[in-house]
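Since the structure comes first, as structure tokens, the remarks are kept for the end.
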Amino acid sequence: MGIFDSLRRRGRRGPAAGAGRSGSSADTRYLEEWAAARRGVEAYVEPPTTVTDTTVVLVAHDGEWTRRRIGSLAAAQRFGHKHTIPVYEAARVGYPKRMREYTERQKRRPAG
């Protein structure tokens, strides 16, 4: 058995983790409900990786955020158009400062 034989066999088992897992209707429903309950929501689309499919991060006016699978950039753009939410490509524009500030505030919050 060669050093790479086990890697070759593993590749035959099927797609890599996350491959082929596009956003489900439950993901879309969650995003719709989350966006409807907040104001000033923007969408930041994250490109697919070897581990995950395309995801979208919704960020509210106060920096609160959530992430779910969306399937593709086109699907995120359709979602944004349908719900009047601006859609940005995170790899091009980055994430808003308010999102980082919100995350920092949550870390400093006492547990309980």
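The values are calculated or read from the model by the stated rules, or taken from the named source; none is laboratory data. This structure is a prediction, so every number in the text was calculated from the model and none was measured. A quick note on method: Cβ atoms are made from the backbone with ideal geometry, for glycine too, and the neighbour counts reach across all protein chains shown. Just the protein is used for accessible areas: all its heavy atoms, side chains included, with ligands, DNA and RNA removed. Shrake-Rupley method; radii C 1.70, N 1.55, O 1.52, S 1.80 Å.
Collect the residues in segment 90-112 that are aromatic (Phe, Trp, Tyr) and in a loop (DSSP other than H, G, I, E, B), keeping them in residue-number order.
Residues of segment 90-112 aromatic (Phe, Trp, Tyr): 95, 102.
Tyr95, the sole residue that qualifies.
Mind listing whichever residues of segment 72-101 are within 12 Å of Pro47 (Cα to Cα) and open to solvent by 90 Å² or more (accessible area, probe 1.4 Å)?
Across segment 72-101, the qualifying residue is only Arg92.
Please work out if Ala43 is at pLDDT 95 or above and surrounded by fewer than 12 Cβ atoms within 10 Å (Cβ to Cβ). Give the derivation first.
Numbers: at pLDDT 95 or above: yes; surrounded by fewer than 12 Cβ atoms within 10 Å (Cβ to Cβ): no.
Criteria not met by Ala43.
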